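The values are calculated or read from the model by the stated rules, or taken from the named source; none is laboratory data. Keep in mind the model is a prediction, meaning the values are calculated, not measured. Backbone-built Cβ (ideal geometry, glycine too); neighbour counts: all protein chains shown. Ligands, DNA and RNA are stripped out before the accessible areas are found, and what is left, the full protein with its side chains, is counted by its heavy atoms. Shrake-Rupley method; radii C 1.70, N 1.55, O 1.52, S 1.80 Å.
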Amino acid sequence: QKVSVEVLDHLEHLALVDFRDSEGVERLQKAIQFADQLHEVNTDGVEPMDSVLEDRCLYLREDDVTEGNCTKELLENARQKVEEYFVAPPGNIPLPKLEERETFLHGS
């Protein structure tokens with residue numbers, strides 16, 4: 001199953017993964033093939049679940065704070081910050097132009 005350039009572009013932005021080479025595209029296609037097997041499973045009459053543990057009583061532990069007030073030290077690690085928040089880029093990888101992607105998609 002071939003992956004379109006548009007789908008590849010969308011996935012790269014969502015997952016921040018670079019599929020720039022044919023090996024990356026091949027791995028993605030194999031992952032899609034593997035996941036497609038789930039369509040063959042008969043789920044008629046099966047109620048959706050939030051968790052496999054939803055029928056059990058889960059006990060919560062005490063949440064004792066042992067450290068804290070380290071905001072200043074943590075923010076010293078930030079490359080860029082606004083007020084007391086880390087600033088993250090919309091993507092951490094340089095993405096190729098659509099024309100470049102089409103060349104290695106057709107080559108795989």
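For the reader, a short list of remarks on this structure follows.
- On inspection, residue 16 passes the criterion of being on the phi > 0 side of the Ramachandran plot, modelled with pLDDT under 80 and open to solvent by 60 Å² or more (accessible area, probe 1.4 Å).
- Matching residues in the range 24-41 - criterion: being in contact (Cβ under 8 Å) with a residue 12 or more places away in the chain and either open to solvent by 100 Å² or more (accessible area, probe 1.4 Å) or not in a helix (DSSP H, G or I) (or both): 33
- Some residue of the range 42-62 being without any contact (Cβ under 8 Å) to a residue 24 or more places away in the chain, open to solvent by 100 Å² or more (accessible area, probe 1.4 Å), assigned to a loop (DSSP other than H, G, I, E, B) and under 30 Å from residue 4 (Cα atoms): yes
- Any hit, the range 70-82, residues being open to solvent by less than 100 Å² (accessible area, probe 1.4 Å), assigned to a helix (DSSP H, G or I) and at pLDDT below 85: no
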